[in-house]
Amino acid sequence: MSVTFDFKGKNFVVVGASSGIGRQTAIELSRSGANVLAIGRNLERLAELRETSPISLIKHPPRIFTEQLDVLTATPDDWAEVLGNFTATVGRINGGVYTAGIWGLTPLNSFDETLAHKIFDTSFWGAVNFVQTATRKKFSDGGASFVLMSSVAGDFAGKSLFAYSAAKAAVQTAVKSFAAEIIRNKHRINSVAPALVKTEMTQNEIYSAISFDKMSSSQLLGLGTARDVAGMILFLLSDRAAWITGQNFFVDGGYTVGSYN
């Protein structure tokens, strides 16, 4: 049995869409009929993503639009410009997803301060800046839904991961505060906290630091994929989640019940 979503006529923004969970979310939203603004840093990957728009739309406007933006350096004007370009074409957005993030070891006695700040700024402050702009009436329809990416690390901080874990915990706390503010426009916001997922980021960095067997055995259902997480994100964006806001959802393959047993 499969679950499908119908987002025809809806407009969504996905930040961090160049790869991983963001890319998968953008693709699934597009295939569900939505217009998607995919924001990322890698122009080549964004171009490849744009080509995944359904073939049936050759005679119609593309469902995936792309904009290059670095969340570390983007100003309020930069955010307003990329969102304005999209909404001028398709109309105001019905929600957004922030998946941008980087990972790195930050042991207390020898951490790279520049890296630590970059980790926090990418996962937390980038998300704050996005939500601040995207929830403005100029860009969002009333009743829009937003999803920010947290991690199980936000609740179960690992050794030498204080910057990453703190950033993800901050996202969860911010979501609770934001929910009480943006409800005035009937907007909703939630966070999703995955355990280890097979993406370009984890394969390039985490796999080199921790053995595959150790990571896999800590999750009862094994390592997840971007598709496993995207399903929860699409649900939270949909009308079926209309009574949910200010919450954090673990999508962890059983990590939170299995890793410490």
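The values are calculated or read from the model by the stated rules, or taken from the named source; none is laboratory data. All of these numbers come straight from a predicted model, not from anything done at the bench. Reconstructed Cβ throughout: ideal geometry from the backbone, glycine too, with neighbour counts over all protein chains shown. Ligands, DNA and RNA are stripped out before the accessible areas are found, and what is left, the full protein with its side chains, is counted by its heavy atoms. Shrake-Rupley method; radii C 1.70, N 1.55, O 1.52, S 1.80 Å.
See the values below:
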{"read-out": "Net +/- balance of residues flanking GLU67 in space, Cβ distance below 12 Å, scoring K and R +1, D and E -1", "value": "-1"}
{"read-out": "Share of carbon and sulfur in the accessible heavy-atom surface of the range 26-146 [1.4 Å probe, %]", "value": "49"}
{"read-out": "Reduced Cα scattering model of the range 42-193, Debye log10 I(q)/I(0), q = 0.21 Å⁻¹", "value": "-1.32"}
{"read-out": "Low-density loop cleavage sites - trypsin sites (Lys or Arg not before Pro) in the range 95-178, where at most 12 other Cβ are within 10 Å (DSSP)", "value": "LYS137, LYS138, LYS159"}
{"read-out": "Packing-based order for 231-240, 121-130, 187-196, using average beta carbon neighbours within 10 Å, highest first", "value": "187-196, 121-130, 231-240"}
{"read-out": "The range 96-110 - phi-based ³J(HN,Hα) in whole Hz, Karplus 6.51/-1.76/1.60, Gly and Pro as x", "value": "x, 10, 10, 10, 4, x, 10, 10, x, 6, 9, x, 4, 7, 8"}
{"read-out": "Over the chain: helical MRE at 222 nm, DSSP H runs n ≥ 4 each giving -39500 (n - 2.57), nearest 500", "value": "-11000 deg cm²/dmol"}
{"read-out": "5 angstrom amide H check on PHE250, placed H, neighbours 5+ away", "value": "ALA193"}
{"read-out": "Reduced Cα scattering model of the chain, Debye log10 I(q)/I(0), q = 0.13 Å⁻¹", "value": "-0.80"}
{"read-out": "The chain, accessible area per residue, ligands and nucleic acids excluded (1.4 Å, Å²)", "value": "50"}
{"read-out": "Label point distance in nm, TRP125-THR256, each placed 7 Å from Cα along Cα→Cβ", "value": "2.9"}
{"read-out": "Whichever aspartates and glutamates have a C-alpha closer than 14 Å to that of LYS10, once near sequence neighbours (fewer than 8 apart) are set aside", "value": "GLU28, ASP141, ASP239"}
{"read-out": "Sites PHE156 and THR114 - FRET efficiency at Förster radius 41 Å, r taken between beta-carbons, to 0.05", "value": "0.95"}
{"read-out": "In nm, spacing of pseudo-spin labels at LEU221 and ALA47 (7 Å Cα→C-beta vector)", "value": "3.7"}
